[in-house]
Structures are given as C-alpha cells and as structure tokens.
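The values are calculated or read from the model by the stated rules, or taken from the named source; none is laboratory data. In this text the structure is predicted, and so the values were computed from the model without any measurement. Note: ideal-geometry Cβ built from the backbone for every residue, glycine included; neighbour counts use all protein chains shown.
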C-alpha cells in the first residue's frame, strides 16, 4: 500500500516565550516491510532543522527558534509504501531464550525502564500465561498478547504517560502506549526481548483498528510492540487492536519505551501556560504531496502567508531534554 502522511503539531504559549529548542521524530523508516518515498519538514516561526539518526535508528529533526514567539507550528509530510508481512511460525523453545549470545545481543530490550518496571505479580501472570500458551516462544508471545487484551479496556485520556504499568494493570484501562508498555514489561519479565514501537495506523477507529472505507483518516500517532524470536528475528504485534502488524501500520522508530521515540520533545525559555494540538492525516492511494517537487500548499504557510522553511537530510550530533509529560501524552492517544 501507498500512504501520504501529514503529521501536524501546534504549541500555543500564553504568554509568549523567548526561545525554544525541539526534536521531532515523525519520519517513517525504510526497512524490509516499508519504503520511505519522500519526506519534508516545515517549521513556523521559520527555523532550519538539522537531521540525524539517533542511537535506535530513528531520524530526528532538531531545530531551535530564537526570538519571542507565542506559537510553534511543525508539519512533517511523508509518502511511504508498505508490504504485507510473512510471519512464519518459529519452533524456538523457552530454552532458546537463555542462550548467552541471544541474551547478550538483546540485553537492552530485556531490562526494566521507568515505563516498563514489573513486579512479582506481573512476572507471575506472564509466566503462567506464557507456559500455558504452548511450547514455543511464539506461543508465549501470543499468550501474553492475549493477556494484555483481556486485562485492559481502551479509554481515551484515562492515563498519564508516567503511570507505572502495575497501576495500569490494576486500573484496567489505558491507551495505546499503556497496552504497549504493559506487553513489553510482561514479555521482558519472562526473558523475551521486547521493544516499544511508535508509528502510524491507517484506521477508521482508534480503539479497534478497524480498516477505513474512505481514502483519508485523521488519527493520532500509534504504538505497538516487537518481540525477538530466537532463530526468526523480530515479530510485531499490536496489543491495542489485538492483531498482527501489517501493511496498514507505518513504523517511525523503536526503543526501550515511549521516551526513546516520543514524537516531539523540547524545552523553552519563559514562564508560560502551554496548549498542544497534535494530529495525523493519512491518505491511502493518491498522493497529497504533489510528487518529488513538493509543491507548497496553503497548509504550509505561516500567519503572514509565507511558506514554512523546508529541509532534507542534514546531520548533526544534537540531543535535547524532554517536554513535560502531560504535553507528550497528548501526542499519542490511541
């Protein structure tokens, strides 16, 4: 499938701020399941992003805005092609998870993080379900996936990004990052390497993942999970919607948890109340980008009617601290 994606974020500051520095992670990757065709970034007030690839392999567009401003608007547009996935069953057993070389290669995706810290209760649940599901690692992952689906009910705005997975499980409600964090924690607790994935999903319903019957949908960014299967590689599942990841999913990046792949993060100078509006528009089939020439549209003009500045491909080793957690939460809701 071919998708045109427009990711739009607007921060409003009241009163204005004197300076801001930001990171954007919105560009789809190219891998064995998808191919990035075109990508561009626009910023208002005008700024020139510097692009680099971070430790996890995700493209980052970093930029600063100097001078007083009461709003910051960022638009990232991409065209990407996806393919169906061939997830052949693996005969790997639980003993294969303990092979020293396998453990060493996946060390970072076996450790707890602040969003995936498990306790004895979570480990016991995961152990029971993993062994009851069947003799292979694929069986165990499927069993844990089903456990997450049975344990949570999707409710928009029901949690904050910093809530521990133990509280998420106890509360029984969450949004996409909660489903993903809980599944990652459960898998890691029994020795199955798991990583958090951020991206986009072409769907008519955020809570169910139902396929859209129209060419354009408006959603938020999405999250799912990839688990490492011995002798097979990474297998992707979407616990929020209870399905395998396929050609309707577009991957931006992966990491240990949300913090490694948050769509937008940054800092500003000033004392201000911040309002965030973030959305994703996805069009299937027809291109809305105007081809390689990237014809500038009205949506890419700032308040004075001038085009937003566009950049492609520059690299620089830059890192920025995170935005407030409540602001990050609003970027990834389904």
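Summary of values
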read-out: Unmet requirement for residue 57, which otherwise passes all of (1) outside any strand (DSSP E or B); (2) at pLDDT below 95; value: (2)
read-out: Test result for residue 246, at pLDDT 95 or above, outside any strand (DSSP E or B), out of contact with any strand residue (DSSP E or B) (no Cβ under 7 Å at 6 or more places or on another chain) and outside the structural domain of residue 10 (by TED's automatic domain parsing); value: no
read-out: Residue 296 being at pLDDT 95 or above and surrounded by 14 or more Cβ atoms within 10 Å (Cβ to Cβ); value: no
read-out: Scope the range 118-138; condition over 18 Å from residue 169 (Cβ atoms) and within 25 Å of the chain's Cα centre (by Cα); matching residues; value: 137, 138
read-out: Given (1) crowded, with 16+ Cβ neighbours inside 10 Å; (2) in contact (Cβ under 8 Å) with a residue 60 or more places away in the chain, index of the condition residue 48 fails; value: (1)
read-out: Residue among 238, 277 that alone is surrounded by 20 or more Cβ atoms within 10 Å (Cβ to Cβ), under 28 Å from residue 180 (Cβ atoms), at pLDDT 50 or above and within 19 Å of the chain's Cα centre (by Cα); value: 238
read-out: Which listed residue is loosely packed, with under 15 Cβ neighbours inside 10 Å, modelled with pLDDT under 95 and in a loop (DSSP other than H, G, I, E, B), from 88, 66; value: 88
read-out: Per-region count, the range 133-179, residues touching a strand residue (DSSP E or B) at 6+ places or on another chain (Cβ under 7 Å) and closer than 17 Å to residue 119 by Cα; value: 2
read-out: Qualifying residue in the range 177-196 (condition: surrounded by fewer than 18 Cβ atoms within 10 Å (Cβ to Cβ), on the phi < 0 side of the Ramachandran plot and either in a helix (DSSP H, G or I) or at pLDDT below 95 (or both)); value: no
read-out: Single residue of 98, 119 found to be exposed (fewer than 13 other Cβ atoms within 10 Å of the Cβ) and either in the same structural domain as residue 191 (by TED's automatic domain parsing) or within 16 Å of residue 180 (Cβ to Cβ) (or both); value: 98
read-out: Selection from the range 10-35 of residues that are over 17 Å from residue 79 (Cβ atoms) and part of a loop (DSSP other than H, G, I, E, B); value: 25, 32
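Quick grid of which residues meet (1) out of contact with any helix residue (DSSP H, G or I) (no Cβ under 9 Å at 6 or more places or on another chain); (2) crowded, with 17+ Cβ neighbours inside 10 Å; (3) over 20 Å from residue 195 (Cβ atoms):
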residue	(1), (2), (3)
125	no, yes, yes
137	no, yes, no
145	no, yes, no
152	no, yes, no
156	yes, no, yes
173	yes, no, yes
